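Enquirer: Dumping the structure here so I can ask a few things about it.
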């Protein structure tokens, strides 16, 4: 039972344009959501997060939106840069200190 | 910047052999996690430690996998005997108790290939 789903295996975007990565979840107990970025041969690196009490969090070029009623979150990258090319994982937690439940990831390719 | 250390980075072993992975979390991080990532999937938790105690090992195949964190610092994950299906990336992560962000810091992982 996949509690966190990233339905787009890959996304290709032109440099300078917006990248939008989507994530859906099923467990209503999730109260915190995170995005991780992963380069080949490296471990995932934390990118940005959002608490369930918020609907938007912004950090530089990265913004995460949360729609609790739809159980959907998205990561916006504006403007996209070639260095953003990586695998992006959506993750969720049901309580502080609990495990992270990850989606399968979306491969982002930013073309220059 | 402090990092989670893992070794080895790559391991090739034959099925039925024993294999072990080591993780040293960021200093001061009380919680340590071992995840397994199969190609094309997201990381999945195998075991979680709070100091030296196991908090969650519900997804750990206990007939062949074992994990320990004897002094509450570094940790070892062992597989004996290894099976072909164990080929995956094994990731270690740590987090600081009291950290409000839920953020976990990952090491570079150990890529295991079982032949």
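Enquirer: I'd like the distance separating the alpha-carbon centroids of the stretch A:9-24 and the stretch A:64-105, in whole Å.
Expert: 12
Enquirer: By per-residue mean of other Cβ atoms within 10 Å, what is the highest-first order of B:27-33, B:38-44? Before the final figure, lay out each step's value.
Expert: Values: B:27-33: 18.1, B:38-44: 16.1.
Descending mean neighbour count gives B:27-33, B:38-44.
Enquirer: Going by average Cβ neighbours within 10 Å, how do the peptides A:29-37, B:62-70 rank, with the highest at the top?
Expert: Working: A:29-37: 21.1, B:62-70: 14.6.
Highest mean packing first, the order is A:29-37, B:62-70.
Enquirer: For the peptides A:85-95, B:105-115, what is the packing order when you average, over each peptide's residues, the other Cβ atoms within 10 Å and list the highest mean first? Walk me through the numbers on the way to the answer.
Expert: Numbers: A:85-95: 21.2, B:105-115: 19.5.
Going from most to least packed, we get A:85-95, B:105-115.
Enquirer: What average count of beta carbons from other chains do you get within 10 Å of the Cβ of residues in B:104-114?
Expert: On the way: counts 8, 4, 7, 3, 3, 5, 0, 1, 0, 0, 0.
Per residue, the number of nearby Cβ atoms from other chains is 3 on average.
Enquirer: Students often get this wrong: which residues of the stretch A:19-46 have the backbone nitrogen under 14 Å from the point 7 angstrom along Cα-to-C-beta of residue A:81?
Expert: Those under the cut-off are none; the list is empty.
Enquirer: Ok, one more. Roughly what would the spin-label model give for residue A:41 and residue B:5, points 7 Å off Cα along C-beta, in nm?
Expert: 2.0
Enquirer: Run a plain Debye calculation on chain B (Cα atoms as equal point scatterers, no solvent) and give log10 I(q)/I(0) at q = 0.12 Å⁻¹, rounded to two decimals, same order as the q list.
Expert: For chain B at q = 0.12 Å⁻¹, log10 I(q)/I(0) is -0.38.
Enquirer: Between residue B:84 and residue A:94, what is the label-point separation in nm under the 7 Å Cα-to-beta-carbon projection?
Expert: 3.5
Enquirer: Mind jotting down the three principal axis lengths of the protein assembly as shown based on Cα atoms? Whole angstrom, largest first.
Expert: Taking max minus min along each principal axis of the Cα atoms, the protein assembly as shown gives 49, 37, 37 Å.
Enquirer: Within 10 Å of each Cβ in peptide A:91-98, how many partner chain Cβ atoms are there on average? Round it to a whole number, please. Before the final figure, lay out the partial values.
Expert: On the way: counts 4, 1, 3, 0, 1, 7, 11, 5.
For this peptide, the per-residue mean of nearby foreign Cβ atoms is 4.
Enquirer: Using a Debye calculation, one point per C-alpha and no hydration shell, please list log10 I(q)/I(0) for the stretch A:11-91 at q = 0.11, 0.16 Å⁻¹ in order.
Expert: -0.28, -0.59
Enquirer: Pop the C-beta distance of residue A:14 and residue A:56 into the FRET formula with R0 = 22 Å and round what comes out to the nearest 0.05. Don't skip to the end; give the middle numbers.
Expert: Details: r = 25 Å, r/R0 = 1.13.
It comes to 0.30.
Enquirer: Based on alpha-carbon centroids, what's the gap between the stretch B:29-55 and the stretch A:42-56 in Å, whole number please?
Expert: 18
Enquirer: Calculate the FRET efficiency for residue B:50 and residue B:17 from the Cβ-Cβ distance with a Förster distance of 22 Å, rounded to the nearest 0.05. Intermediate results must be reported in sequence, preceding the final value.
Expert: On the way: r = 31 Å, r/R0 = 1.41.
FRET efficiency, residue B:50 to residue B:17: 0.10.
Enquirer: I want to make sure I understand the PRE zone here: with the label point 7 angstrom from the Cα of residue B:27 toward its beta carbon, which residues in the stretch B:53-92 have backbone N atoms less than 18 Å away?
Expert: Zone members listed by number: B:71-75.
Enquirer: Pairs of alpha-carbon atoms within less than 8 angstrom and 6+ residues apart define the contacts here; what relative contact order does the stretch A:33-112 have, in percent? All intermediate terms of the calculation are to be shown ahead of the outcome.
Expert: Numbers: 143 pairs, mean separation 21.4, N = 80.
Worked out over the stretch A:33-112, it gives 27 percent.
Enquirer: Evaluate peptide B:88-94: per residue, the Cβ atoms of other protein chains within 10 Å of its Cβ; return the mean as an integer. Spell out each step's value before the answer.
Expert: Details: counts 0, 3, 0, 3, 1, 5, 0.
Across the residues of B:88-94, the mean count of other-chain Cβ atoms within 10 Å is 2.
Laboratory data are not the source of any read-out in this text; all were calculated from the coordinates shown. Computed from a prediction, not measured in an experiment: that's the story for all the values here. With ideal geometry, Cβ positions are generated from the backbone for all residues, glycine too; neighbour counts draw on all protein chains shown.
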